[in-house]
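Worksheet: the structure to be examined is printed underneath.
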Amino acid sequence: MHDDDKDSMMNEMDGRSGRGDRRMGGRRPAFRKKVCRFCTQDTLPDYKNPDLLRRYVTERGKILPARITGCCAKHQRAVTTEIKRARVLAYLPFEKK
């Protein structure tokens, strides 16, 4: 057996791999920062456009948070108010059963 084969076998037995374990100080996988769609396209959310607003609502009717949608705080607040307006005017349902 070679020395590097012996070392790799010992690491596997110890539960340590050469890829970098998170518990042992490894790095998290890199992620892409989500960019606000309304800032890049220079548009505003509108309650009369329910197809656009459906992207920001779950199947059960809950409004998605900004960390998932990628909206900035300003546009997330606007999306929330427009969704609520669309619900009152029956463009969007309050909940799906």
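Taken together, the values in this text are just the output of simple stated rules run on the coordinates, not laboratory data. For clarity, every value in this text was computed on a predicted model and none was experimentally measured. A quick note on method: Cβ atoms are made from the backbone with ideal geometry, for glycine too, and the neighbour counts reach across all protein chains shown.
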message: Assuming 0.36 nm per residue, please report the length gained on full extension of the stretch R85 to R28 beyond their Cα-Cα distance.
response: 16.5 nm
- prompt: Taking 0.36 nm per intervening residue step and subtracting the Cα-Cα distance, what contour gain separates D42 from R55 on full extension?
  reply: 2.9 nm
field: ³J(HN,Hα) computed for each position of region 77-88 - Karplus, 6.51 cos²θ - 1.76 cosθ + 1.60, integer Hz, glycine/proline x
entry: 5, 5, 4, 4, 5, 5, 5, 5, 5, 5, 5, 5
query: By count of other Cβ within 10 Å, fewest leading, how are I83, I63, I68 ordered?
result: I68, I63, I83
- line: Interchain or sequence-distant (5+) residues whose placed amide H lies within less than 5 Å of the amide H of V57 are L64
field: chymotrypsin sites (Phe, Trp or Tyr not before Pro) restricted to region 28-80 and DSSP loop, no more than 14 other C-beta within 10 Å
entry: F31
- prompt: Taking one equal scatterer on every alpha-carbon of region 28-80, how large is log10 of I(q)/I(0) by Debye at q = 0.17, 0.19 1/Å?
  reply: -0.54, -0.65
